[in-house]
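The values are calculated or read from the model by the stated rules, or taken from the named source; none is laboratory data. Predicted model only: the values in this text are computed from it and were never measured. Reconstructed Cβ throughout: ideal geometry from the backbone, glycine too, with neighbour counts over all protein chains shown.
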């Protein structure tokens, strides 16, 4: 009748049942004891956990585990994929993977260098084209005024060494046609401040314009490349220059540069 | 074997309390899931296996606030199981039409020849047949769940003296029921 009862923890079940009967002051007449043992037997079977319960029993470490160190077979890409997810990088996996990550970083740096070089070349060519365009006399005057305004602004803001920082090719195209108003050759490296020196001989309004609008010229940030298009005759933002040769690179049309005090 | 496992789980609970909840939860499940299932079967709850899983799913979020080690966990687990049992019978009372009648699970039936025939079929509610609800609850918690007088008092919301008295009367009634059943068998 009670085969299952007491089969696993027989002595323990019997003892607890006997204790219970003793507490209740009841004699063991056999019948009641058997029923109580049968009741206890209901607790003998451990149910299988459901999927949800089993999931809760899995330790947190295994749920977010980083692949164990296996230098011979852990791929670089897999390692890189794992690291961002867990944010943990065991020391033992760093060494074998360091070469791979280093290569990738080196490739990234090389790519950045290429991008920078390309950009510099593009800007230089654009500047050269701007110079070619500026070689036209009609434009030169206008641009010379802009150039002087810029130069005076730069010297005012930058102080003594103002000319120096402007020597990079990047800001030069910011005022296309501004640099190298005089020289028509490769003007890539000709700094803006040098232009006034050579351009003053050609400009008809060197001094008054800069002095009048010097410190008060609020030049906006000029993105690269850019063109001074408003009111500039003969240069409708198109690829023209005084020598009739198309520039190396077409000058893209850009919004006009608002330079108060400069009137073409 | 169960004793050994229980001891390991008890050690786990004692040593890693406050550590990974999953480890503690596993120890509690292994130790008490059988007793919870048996308790729900003894109380005649429908689908006791599913309700057992629900009890532990409800228990897991409370692990962080546990006190009293393994015994504290046991009290909490069976408090939840008791509440599920109460909810079950409230639903049954409200919507009796929607509950298919299952004589094996109906603890309210009196002992009969049919009950005797079904004794070994797996249905356990007949074991406590003929007792009042409170008497059935005391015996299920004390005998099946193996809870202490103090723990049963906490779950049923009564004093320990009241629980002792209930237990005594429940055992007496069960004895009387068993006697009547045995006499019926012999007739």
> Which is more than 7 Å from every other protein chain (Cβ to nearest Cβ), in contact with a helix residue (DSSP H, G or I) (Cβ under 9 Å, 6 or more places away or on another chain) and modelled with pLDDT of 85 or more, of A:33, A:19?
Replying inline: A:33
> Given the conditions (1) modelled with pLDDT under 95; (2) surrounded by 16 or more Cβ atoms within 10 Å (Cβ to Cβ), and given that residue B:172 satisfies all but one, which numbered condition is not satisfied?
Replying inline: (2)
>> Tell me yes or no: at least one residue of the stretch B:149-160 is farther than 23 Å from residue A:19 by Cα and either at pLDDT 95 or above or more than 10 Å from chain A (Cβ to nearest Cβ) (or both).
In response: yes
> Within the stretch B:50-102, which residues are on the phi > 0 side of the Ramachandran plot and either touching a residue at least 12 places away in the same chain (Cβ under 8 Å) or within 14 Å of another protein chain (Cβ to nearest Cβ) (or both)?
Replying inline: B:69
> Any residue in the stretch B:54-72 that is modelled with pLDDT under 95, under 19 Å from residue A:47 (Cα atoms) and buried (at least 20 other Cβ atoms within 10 Å of the Cβ)?
Replying inline: no
